[in-house]
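The values are calculated or read from the model by the stated rules, or taken from the named source; none is laboratory data. What you see is a predicted model, and the numbers here were worked out from it, not measured in a lab. Positions of Cβ are generated from backbone atoms using ideal geometry, with glycine treated the same way; all protein chains shown enter the neighbour counts. The area values use the complete protein model at the heavy-atom level, side chains included, leaving out ligands, DNA and RNA. Shrake-Rupley method; radii C 1.70, N 1.55, O 1.52, S 1.80 Å.
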Amino acid sequence: MKQYRIAVIPGDGVGQEVVPAALRVLNRAADLSGNFALQCKEFPWGSGYYLETGRMMDEDGLSRLRDFDAIFLGAVGYPSVPDHVTLWGLLLPIRQRFNLYANLRPVKLLPGIRGPLRDKGPDQIDMLVIRENSEGEYSGVGGRVHLGFGHEVAIQTDVFTREGVEKVVRYAFVRASERRKRLASITKSNASPFAFVFWDEVVRDVGKDFPDVSVDRVLVDAAAAYFITRPEMFDVVVASNLFGDVLTDIGAVIQGSMGLAASANINPDGGYPGMFEPVHGSAPDIAGKGIANPLGSIWAGAMMLQQLGEPASGDRVLSAIEKALAETTVRTRDLGGDATTAEMTEAVMAALG
Ligand code: GGG
């Protein structure tokens, strides 16, 4: 039987609640397959750890994570710790160090969920957003001088490399060619004539290898509007780090809730553990109450199984989420119900069989 080593980082807030819920489902899926098991090792990293030690993760954390097959993360963020500390102390170093250059974020309105868009059902909302995940606006290049003076300067520089853009764009073309053969490339090349005109050129050049995929070049402001007015025009969407992050919050809302949105940070070339997480953050307002929606985390777990090489089990978990939503009325508060995290998880477990 195959054993997959999973580094589990529940992190902060509701991460502590949705991760154990998702692991229950994933372990059941592993048992049902009879082919593999998940060997989980939990790490206590996050904001609580930071308040005790001054670090979001151990100094040798990245080299310890390197040996795992995948990383399963909950959420980061805590009211008394600045958000840039939580993000740059844990999440972003993992994405950068392991060159997890593609962040896959499916935006799919599942049957049984009433989305906020009138006249848009599951047939109209089904896209895969691929967010560049290791450079761009999140490169971490910049600095501040003359702190506190009236002439203080803050510079944050976007960095786009040919290798980085080419890789994520090529991966997006591959995924589009497996789906409805339509790729939307999101930029702001009217206002950013260096970075995004370069991005457009890379899309044009890589696109020559994919003649069957049609390309829409869409400015990010227009894309934000079209996500709401014409979501059916999107199949695969490729965007820079920041634009992808912002658009997928709109994506989460049109698929029914932030609590449903899942994400996989992967290096499609292999060689490094991918990191799988719900899109939502730590939600301190509801943390500890047992009412967080576990479905984003369970869905991220399904993506982890697919990525590990267990696509049938990943599909089975996804189908169980769909069945639980289509055939029961169990819903957490974000979906208009009053079910607890445990009750929602139980509905998925029952649907899994
Ligand atoms: N579920 C992971 C999490 O806590 N995300 C919060 C967040 O702020 N993420 C920023 C990003 O994905 O770039």
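Taking 35 Å as R0, compute the FRET efficiency from the Cβ-Cβ separation of ARG114 and ASN27 and round it to 0.05.
Details: r = 31 Å, r/R0 = 0.89.
In this case the efficiency is close to 0.65.
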| Label-point separation in nm, LEU51 to HIS84, each point 7 Å along Cα→Cβ | 2.2
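Taking a ≥ b ≥ c as the square roots of the Cα gyration tensor eigenvalues, with a/c under 1.5 meaning rounded and otherwise prolate when a/b beats b/c, else oblate, which class fits region 116-254? Show your work: numbers first, answer last.
Working: a/c = 2.58, a/b = 1.49, b/c = 1.74.
Cα axes put region 116-254 in the oblate bin.
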| FRET efficiency, ASP123 to ASP285 (Cβ-Cβ, R0 30 Å, nearest 0.05) | 0.30
| message | Using only the heavy atoms of the protein chains and a 1.4 Å probe, how would ASP245, ASP235, ASP158 rank by accessible area, largest first? | response | ASP158, ASP245, ASP235
| Kyte-Doolittle mean at least -1.0, axial Cα span of 15 Å or more - DSSP H helices of the chain | 15-33, 162-178, 195-207, 241-254, 295-308, 311-327, 341-352
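Taking the mean number of other Cβ atoms within 10 Å as a proxy for protection, how do you rank 122-128, 142-148, 192-198, 49-55 from highest to lowest?
Those peptides, ordered most packed to least, come out 122-128, 192-198, 49-55, 142-148.
So, R0 is 30 Å and r is the distance between the beta-carbons of VAL159 and ILE228; what FRET efficiency does that work out to, to 0.05? List each step's numbers first, then the result.
Values: r = 31 Å, r/R0 = 1.02.
The value I calculate is 0.45.
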| Could you name the lysines in cross-link range of LYS323, using Cα to Cα under 17 Å and dropping any fewer than eight places away on the same chain? | LYS108
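Show THR329, THR341, THR157 ordered by accessible area, largest first, where the area counts protein heavy atoms only and the probe is 1.4 Å.
THR329, THR157, THR341
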| said: Run the helix sum for the chain: -39,500 (n - 2.57) per DSSP H stretch of 4+ residues, divided by residue count, reported at 222 nm to the nearest 500 deg cm²/dmol. | reply: -12000 deg cm²/dmol
| said: I need the fraction of alpha carbon pairs in the chain separated by more than 33 Å, rounded to a whole percent. | reply: 27
| In what sequence, largest accessible area first, do ARG217, ARG24, ARG204, ARG179 appear using a 1.4 Å probe? | ARG217, ARG204, ARG24, ARG179
| field | Selected from PRO79, PRO311, PRO231 as most flexible by GNM, with the chain as the system and alpha-carbon contacts under 10 Å | value | PRO79
| task | Could you tell me the largest-minus-smallest coordinate of the C-alpha atoms of region 97-171 on each of the three principal axes, in descending order and whole angstroms? | result | 55, 33, 18
| remark: Dividing the mean separation of Cα pairs under 8 Å (6+ apart) by the residue count of the chain yields a relative contact order in percent of 23
